[in-house]
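K.L.:
Here's a structure for you.
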Amino acid sequence: MEAASKTASFRSPLKQERKRFGDDFFKYFTMGIASLVLVIIVLVVYQLVTSSSLSIAKFGLGFITSSTWDPVAETFGALPMIWGTVISSMLGLVIALPLSLGVAIFLAELAPLFMKSWMITTFSFLVELLAAIPSIVYGLWGMFVLAPWLQTTIQPWLIAHFGAIFLFKGLPYGIGMMPAAIILSIMMIPIITSISRDVINMVPYTLKEGALALGATRWEAIMMVLGTARSGVLGAVILGMGRALGETMAVTLVIGNTPQISTSIMQPATTMASVLANEFTEATSDLYISSLIEVGLILFIITIVVNVAARLLVWQASKNLVTQSR
């Protein structure tokens with residue numbers, strides 16, 4: 001017995017040392033994997049900056065403010081692409097936001113009153129299924145179904161009744177800013193809806209019960225819940241915006257790909273992602289390639305800033321709601 005006790009006491013430090021080695025190895029291994037993501041981002045930025053240095057040196061800040069895109073004369077300005085990217089995303093957000101919030105409120109607040117749980121789950125799955133559809137499918141649907149319908153039905157009516165307004169001036173081309181915004185709104189709906197629903201569900205139920213007990217209507221109680229979850233909802237909106245900013249194929253097929261700035265949603269336009277998809281394989285000169293890569297660098301910076309801001313808002317909202325629930 002005494003010998004066995006001595007043997008156990010002798011092996012115990014070895015087991016502890018092996019355990020500490022395993023813990024330390026796992027910690028540093030996972031830390032390295034996490035750091036690899038940052039390294040990849042830094043390398044991507046470095047490569048974009050290096051590859052676009054020729055365009056940056058020649059055009060400077062004028063590349064962002066100029067609206068001339070002439071590959072023949074090798075004069076490049078990204079303002080029409082930036083304009084088309086921002087405006088199409090904003091128009092899509094205007095369409096998607098009320099629909100997404102309405103669905104999120106329905107699923108989180110109203111559906112549990114008269115629907116069974118499996119029905120709510122099925123409905124939620126169908127909404128989120130929109131995010132699983134490939135963007136090229138949206139683009140083909142927009143090109144062969146949506147654009148012809150807009151050209152023959154919606155756009156002529158809008159021009160006839162509201163043609164004096166700058167938003168609806170022009171000819172019914174079918175393709176242009178309008179179908180691009182509609183497709184982007186469909187692609188944003190599942191993102192905004194799912195995150196907004198989760199944030200609303202995180203609001204303490206006692207808050208709504210207290211409002212109803214004090215005589216508030218159900219609508220007033222829901223508005224109070226939305227007010228509490230506003231940071232998270234705003235983060236969901238910005239995440240949906242980030243999804244729209246980087247969309248390529250669906251927008252490329254319906255926006256018209258014309259580097260011009262127009263205030264009418266009837267007119268063709270272009271985006272940063274679509275100009276890269278259309279022209280990169282046709283670029284023949286070093287300056288042309290460098291200018292396209294600088295467009296990609298601008299798109300990368302905008303997308304990173306938007307997504308980081310959205311994640312911070314969602315994180316802050318979740319943190320506040322968890323604190324309130326305690």
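The values are calculated or read from the model by the stated rules, or taken from the named source; none is laboratory data. Because the structure is a prediction, the values reported are computed rather than measured. Backbone-built Cβ (ideal geometry, glycine too); neighbour counts: all protein chains shown. Side chains included, ligands, DNA and RNA excluded: accessible areas come from the protein's heavy atoms. Shrake-Rupley method; radii C 1.70, N 1.55, O 1.52, S 1.80 Å.
K.L.:
Name the residue that is farthest from residue 288 (Cα to Cα), counting only residues in segment 65-87 that are out of contact with any strand residue (DSSP E or B) (no Cβ under 7 Å at 6 or more places or on another chain) and in a helix (DSSP H, G or I).
P.N.:
87
K.L.:
Oh, and also: Out of all the residues in segment 186-197, is one or more in a helix (DSSP H, G or I) and farther than 25 Å from residue 85 by Cβ?
P.N.:
Yes, segment 186-197 has at least one match.
K.L.:
Since residue 172 meets every condition but one in (1) surrounded by 14 or more Cβ atoms within 10 Å (Cβ to Cβ); (2) in a helix (DSSP H, G or I); (3) not aliphatic (A, V, I, L, M), which condition does it not meet?
P.N.:
With respect to (1) surrounded by 14 or more Cβ atoms within 10 Å (Cβ to Cβ); (2) in a helix (DSSP H, G or I); (3) not aliphatic (A, V, I, L, M), residue 172 is out only on (2).
K.L.:
If residue 222 satisfies every condition in (1) of a type outside the set (S, T, N, Q); (2) at positive phi; (3) in contact with an Asp or Glu (Cβ under 6 Å, 6 or more places away or on another chain) but one, which is the exception?
P.N.:
(2)
K.L.:
Mind checking which residues of segment 84-102 are under 18 Å from residue 270 (Cβ atoms) and surrounded by fewer than 20 Cβ atoms within 10 Å (Cβ to Cβ)?
P.N.:
86, 87, 90
K.L.:
Still on this structure, I have one more. Are any residues in segment 24-50 more than 26 Å from the chain's Cα centre (by Cα) and either open to solvent by less than 90 Å² (accessible area, probe 1.4 Å) or among the aliphatic types (A, V, I, L, M) (or both), and if so, which ones?
P.N.:
Hits for segment 24-50 are 24, 30, 31, 32, 50.
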